[in-house]
Structure formats: C-alpha cells, structure tokens
Amino acid sequence: MSKLRAAFIGTGRPPERSGPMGYATAYWHADAYRLIGDIELVAAADIVEDHARLFADHYGFTDIYTDYHEMLAAVKPDILSVCTWPHLHAEMIIAGAEAGVPFIYSEKPMAYKWGDCRAIMAAVEKSGTRLFFNHQRRYSKAFAAAKELLDAGAIGKLQSVEFAAGNLYDYGSHNFDMCNFYNDECDIDWVLCGLDYSRESLVFGTHNENSAVAVWHYTNGVMGLCTTGEPAPTIGCHHRLLGSDGVIEIGRDGQPPLRVLSAGKPWRVIDTGGDGLHGTEFINRAIADAVAAYREGRPCMMDAANAYHATETIFACWESARRRGIVRLPLDTDDNALVEMIKSGELRPVKGE
Ligand SMILES: NC(=O)c1ccc[n+]([C@@H]2O[C@H](COP(=O)([O-])OP(=O)(O)OC[C@H]3O[C@@H](n4cnc5c(N)ncnc54)[C@H](O)[C@@H]3O)[C@@H](O)[C@H]2O)c1
C-alpha cells in the first residue's frame, strides 16, 4: 500500500501549552496518523509561524507555511487535516477540495453558517474529495455498546433520544450526531427550540447560547429532546434512550458510563472496557477507520453526510428560536440565526459576566 502524505491547517500551540480555548487538536490528528504507520507527516500551515514551527519540530519535518493556500499548491497532500476554529472550516475545506486533496479530515462543528455547510458539500461532491468530521465519540465503547444494546432489543422499540450538554453548537454537535447514530441516521422532519442568550459565551470564537430546550421529530416517529446550560439537569445524564420496554443511560454523574434498565429487572451496568465519554483514543480509532474507509472505498461513520445531518438540526434550533415556531426540514435559510439575532439587537448578550 502506498504511503499517504498528510498536511495540517491550524496546528495550535504545543499540547503542554494548550487549554480550554485551544486544545491543539492537530496534535491529536497527527498522533492518530502516526499510529496508522504508513502515513508521512509532511507540512503544516498556521498564521502564527511559531505554532507551525513547533508542530513541525515535534513531528520531525521542516515544511511550514503561514498561508495555507501556498501550502496546498506546493505540497499537494493526499491527506489534509483542518484543525482551525469553526468559522474558518468552510473556506479551508473548500480550498482543499479545489486544490484536489482526495482526503480531508476536519474538526467539528462543520461550519458557522448553514449556507457554508451546503457549500462544503457541493465542493467535495464536485472534486470527489472524501470528507470526514471528527465526531469521534461514535468510537467509544460506552456509546457503541449502547447502540448494540438498542439493536439487540434490550429496551424494546426506540421511542426517544435525549441529551444534556453545555450548548447546542460546540458540544451539541457531538450530541446531535450521537442521537442520529442511535436512530440509524433517520431523517428529521421538524425542530422546535427556545433559548436564552443573555451572557456572551464565545467558544472557539463562536457564539453559543447559554441555555436551550429543543425537541425534534424523526420521520420514523422517534422523538429527540435536549437541554443545554441551566436546564441541562432536567435530563440529568449525557444521553438517554427511552424504549417501549426499558431505558439506556450514558454518562449519569456518579454512575458508571453505561447502564440499562430492562423491563422487570434492576439497572444493569454494562462493561465498556474502560471507555468513557471523552478520550483521544476515540480519535485514533476514528481516524484509522476513516483512512481505511478511504483506501477500501467504503462508507465510514465520520463521513461528512452524517455531520451535515447533525449540523442542520443545530441551525434549525437557532432558526426556530428566531421564528418562535416549528422549523420544517430541510432548512431553507443559509445564515446563522443566533448570530443574526445578535446583529439585529434581538439578542443582547452582555460581555464579560
Ligand atoms: N473533536 C473534539 O473532541 C474537539 C475537541 C476540542 C476542539 N475541537 C474543535 O477543534 C477545532 C480547533 O480547535 P483547537 O482547540 O485545536 O484550536 P487551537 O486554537 O488550539 O488551534 C487553532 C490554530 O489555528 C490557527 N489559525 C487561525 N487562523 C488561521 C488561518 N487563517 N490559517 C492557518 N491557521 C490559522 C491558530 O493560530 C491556532 O494555532 C475547533 O473547531 C473545535 O471545536 C474538537
């Protein structure tokens, strides 16, 4: 099998200097490529030259850029990792696709406007690029075993999927993706959401509401429910799957990561082999699977189509708050309703509280 050459946009600061507003996810991607074994790390671009240089030193190459367009033209990588903040993902993925990169692995959330998500999908369809988004939790045994229990009928017929999170967009991106995973990527036909955004909350440079309650409906009849911020304890665990005959809970505080309640029996703790809700080993598995899927020409759980599905629901939630009504999908707006409500003065989040 021929070696693939990987390049990176947005390296972050070295991990020992990274923190909540900069995790340096490029190092996670690079470590995952190295584990695969036959991938050569060849180049990196970062507007902060020091970041790129330290990254290159760490991985033993010298080819660095401050302009990612120059890197794409000069290096022509087989693999491109996009590890910048969300408002930059669209322009970088589209540039990669237009430069003919065959494999792009991007960080989530997909983009900062729904129109940008559509533009991304159009660009990769045109170029034939395989595009993946890092919703790596699908590769934790805590979540995967929940899906296996569900598919094995442990809770009967699935009736609803629920999640609690800090926000709909930054962390919600993973959670909508997981809900769709449990429900076999079934289409969603409507979304209803109310939210509060009174204190400015910027995560990786993007606005995220303080609190929200959202409900959505899958075309197979399954309901979705999530709470973010202050009302999150209403759901009280990371994910809950309610079936006709039982309940699966993932990530309830003070409990092991996964447990199931089947009719007539007490809660049963499921062995997840040490896997919990978070961990870079899931990224190693996700990237290994994406590379294998690319080489074998088969689908992968990280395929952009799944991220697109999850991200549409996020933008539809914010759109529902703007319209104060149900939003029917497919979503027919291209902007970011949360940002537009701030621009219009309809939402006035106070800075620095
Ligand atoms: N999958 C996960 O679990 C997970 C965890 C944390 C973060 N993330 C996501 O990863 C993404 C990146 O976050 P991070 O923490 O790695 O960021 P970071 O701040 O550590 O690194 C981003 C880098 O991008 C560089 N940059 C900014 N503009 C650029 C430009 N125009 N060209 C080239 N480089 C540019 C910055 O200088 C910085 O070095 C975010 O979208 C975030 O949501 C995902």
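For the reader, a short list of remarks on this structure follows.
- Cα→Cβ-extended label distance, 7 Å offset, between Ile326 and Asp245, nm: 3.1
- In this structure the amide hydrogen of Ser81, modeled in the peptide plane, comes within under 5 Å of the amide hydrogens of Ala7, Phe8, Ile9, Tyr105, none closer than 5 places in sequence on its chain.
- Using a Gaussian network model of the chain in which every pair of alpha carbons under 10 angstrom is joined by a spring, one finds that among Ala307, Ala123, Ala43 the greatest mean-square fluctuation is at Ala123.
- Cα centroid separation - the range 325-353 against the range 209-241, whole Å: 19
- Local electrostatic count, Asn183, Cβ distance below 14 Å [Lys/Arg +1, Asp/Glu -1]: -3
- Distant-in-sequence amide H partners of Gly194 (H built 1.01 Å from N, under 5 Å): Val213
- Helical mean residue ellipticity (222 nm; -39500 (n - 2.57) per DSSP H run of 4+; nearest 500) of the chain: -11000 deg cm²/dmol
- Cα-only radius of gyration and Dmax that characterise the chain, units Å: 20.3, 64
- A crude spin-label estimate for the pair Tyr171 and Glu296, with each label 7 Å from Cα along the Cβ direction, gives 3.4 nm.
- Per-residue HN-Hα couplings for the range 221-234 [Karplus 6.51, -1.76, 1.60; θ = phi - 60°; Hz; x = Gly/Pro]: x, 5, 9, x, 9, 9, 10, 10, x, 4, x, 3, x, 4
- Counting only lysines at least 8 places from Lys157 when in the same chain, those with an alpha carbon closer than 28 Å to its own are Lys141, Lys147, Lys265.
- Using the average count of surrounding beta-carbon atoms within 10 Å as a protection proxy, the listed peptides 45-54, 336-345 rank, highest first, as 45-54, 336-345.
- Positive-end extreme of charge dipole, the chain - chosen from Ala292, Thr227, Val350 (charges on Cβ): Thr227
- The HN-Hα couplings worked out from phi for the range 38-45 by the Karplus form 6.51 cos²θ - 1.76 cosθ + 1.60 (θ = phi - 60°) are 10, 10, 9, 8, 10, 7, 8, 10 Hz, whole numbers, x standing for Gly and Pro.
- Computed 3J(HN,Hα) for the range 277-293, one whole-Hz value per residue from the Karplus formula 6.51 cos²θ - 1.76 cosθ + 1.60 where θ = phi - 60°, is 8, 10, x, 6, 5, 5, 5, 4, 5, 5, 5, 4, 5, 5, 5, 5, 5, glycine and proline marked x.
- Computed about its Cα centre, the charge dipole of the range 171-242 is approximately 220 debye, with only Lys, Arg, Asp and Glu carrying charge at their Cβ.
- Cysteine residues of the chain whose Cβ has no partner cysteine Cβ closer than 4.7 Å: Cys83, Cys117, Cys179, Cys186, Cys226, Cys237, Cys300.
- Only beta bridges with both residues in the chain are counted; by DSSP, about 60 percent of them are antiparallel.
- The range 159-188 and the range 72-149: distance between their alpha carbon centers, rounded to Å: 19
- Shape call, the range 29-76: gyration tensor on alpha carbons, a/c limit 1.5: oblate
- With an a/c value of 1.5 or above and a/b not larger than b/c for the gyration tensor axes a ≥ b ≥ c computed over the alpha-carbon atoms, the range 190-255 is described as oblate.
- Rounded, prolate or oblate (a/c below 1.5 giving rounded, otherwise prolate when a/b exceeds b/c) for the range 105-201 by Cα gyration tensor: oblate
- Nearby lysines by direct alpha-carbon distance to Lys113 (threshold 17 angstrom, same-chain neighbours under 8 apart not counted): Lys343
- The lysines within cross-link reach of Lys3, meaning a Cα-to-Cα straight distance under 28 Å and a gap of 8 or more places when in the same chain, are Lys76, Lys108, Lys126.
FYI, it's all coordinate maths here, none of it is from the lab. A quick note: this is a predicted structure, and the numbers were derived from the prediction, not measured. Positions of Cβ are backbone-derived with ideal geometry, glycine not excepted, and every protein chain shown enters the neighbour counts.
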